[in-house]
Amino acid sequence: MTNSQTSSETLSARQQAIAPIAALAAAGDISRLNTAINQGLDAGLTVNDAKEVLVQLYAYAGFPRSLNALGQLMKEVEARKQRGVQDVVGQEPARAIPTGDALLTAGTANQTKLIGAPAKGPLFKFAPAADQYLKAHLFGDIFERDNLDWQSRELATISMLAALQGVDSQLQSHVSISMNIGITAPQLNELAQVLADQVDAGAGTRVGEAIKRHLSTKTPK
């Protein structure tokens, strides 16, 4: 299920493997991404799991880094095949992606479920095209692809944003979204540690601080 909401205190090996792939791809660190891809596939990610993460990257770090990372994934899958490693390809989306007005409607509904309320604010009134692109392209085209669950997509998104500078507001929003769809604070703290250990200390720190800020808003005064 795309919006499956399971609750746990720890991340699975597969979920942990998403973090360095997403973060290093966002940072454009292709040499280290190669290692992360190998470790991720060995940990149980399918080729299509990794592909979905790196396609989604375009929404947060742009097509150049997304395409470069996908090219590296393609090369590494072929190299593993030449070494006799038979990676599981994984699932394709089980349903057709809507188009036109239906896509915008689906994306708006997905965005509302993820956030927990309709998205609104002066920025969207100032730049309605950006609002439409978010709903149709990100929450529509991408989040309608049900071969990667929403929790995995949010773990990837947080990892991508943690690897970038100057996007603290967006990182904060996605920490909130992740907890709204069932990712727990201990899991997010574990994600922060994975990023600190396998990407860089700054990425882990940014996630840790975002978690603290989110939890502070939920503490009764």
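The values are calculated or read from the model by the stated rules, or taken from the named source; none is laboratory data. Since we're looking at a predicted model, the values are computed, not measured. Counting neighbours? That spans all protein chains shown, and the Cβs are built from the backbone with ideal geometry, glycine included.
Brief remarks follow.
- Residue count for the range 114-143 under the criterion of being in a helix (DSSP H, G or I) and free of Cβ contacts under 8 Å to residues at least 60 places away in the same chain: the result is 17.
- For Asn68: the one exception among (1) more than 23 Å from Leu191 (Cβ to Cβ); (2) of a type in the set (S, T, N, Q); (3) not in a helix (DSSP H, G or I): (3)
- Counted residues, the range 39-60 - those being among the hydrophobic types (A, V, I, L, M, F, W, C) and surrounded by fewer than 22 Cβ atoms within 10 Å (Cβ to Cβ): 4
- Among the residues of the range 201-221, just one is farther than 21 Å from Ser8 by Cα, surrounded by 18 or more Cβ atoms within 10 Å (Cβ to Cβ) and of a type outside the set (A, V, I, L, M), namely Arg206.
- Flag if Glu92 is at pLDDT 95 or above, more than 28 Å from Ala203 (Cα to Cα) and part of a loop (DSSP other than H, G, I, E, B): yes
- The range 163-183 residues that are under 17 Å from Leu11 (Cβ atoms), paired with ones that are at pLDDT below 95 and surrounded by fewer than 20 Cβ atoms within 10 Å (Cβ to Cβ) (beta carbon under 8 Å, 6 or more apart): Ile181/Asn3; Ile181/Gln5; Gly182/Ser4; Gly182/Gln5; Gly182/Thr6; Gly182/Ser7
- Put simply, of Leu11, Leu73 the only residue that is buried (at least 18 other Cβ atoms within 10 Å of the Cβ), of a type outside the set (D, E, K, R), under 24 Å from Ala185 (Cα atoms) and in contact with a helix residue (DSSP H, G or I) (Cβ under 8 Å, 6 or more places away or on another chain) is Leu11.
- Those residues of the range 53-70 which are touching a helix residue (DSSP H, G or I) at 6+ places or on another chain (Cβ under 7 Å), aliphatic (A, V, I, L, M) and farther than 18 Å from Pro20 by Cβ, in sequence order: Ala59
- Annotation: Pro93 fulfils all but one of (1) more than 22 Å from Ala69 (Cα to Cα); (2) in contact (Cβ under 8 Å) with a residue 40 or more places away in the chain; (3) surrounded by fewer than 18 Cβ atoms within 10 Å (Cβ to Cβ); the unmet one is (1).
- Residue that is of a type outside the set (S, T, N, Q), surrounded by 15 or more Cβ atoms within 10 Å (Cβ to Cβ) and farther than 24 Å from Asp49 by Cβ, where the choices are Lys120, Lys135: Lys135
- For Val89, the stated conditions hold: it is within 19 Å of Ala13 (Cα to Cα) and among the aliphatic types (A, V, I, L, M).
- From the options Ala19, Ala36, Ala25, residue that is crowded, with 18+ Cβ neighbours inside 10 Å, touching a Pro at 6+ places or on another chain (Cβ under 6 Å) and either part of a helix (DSSP H, G or I) or of a type in the set (Val, Ile, Thr) (or both): Ala36
- Yes/no for Asp131 being among the acidic types (Asp, Glu) and within 17 Å of the chain's Cα centre (by Cα): no
- Residue within the range 168-188 that is under 14 Å from the mean Cα position of the chain (by Cα), within 22 Å of Asp49 (Cβ to Cβ) and in a loop (DSSP other than H, G, I, E, B) present: yes
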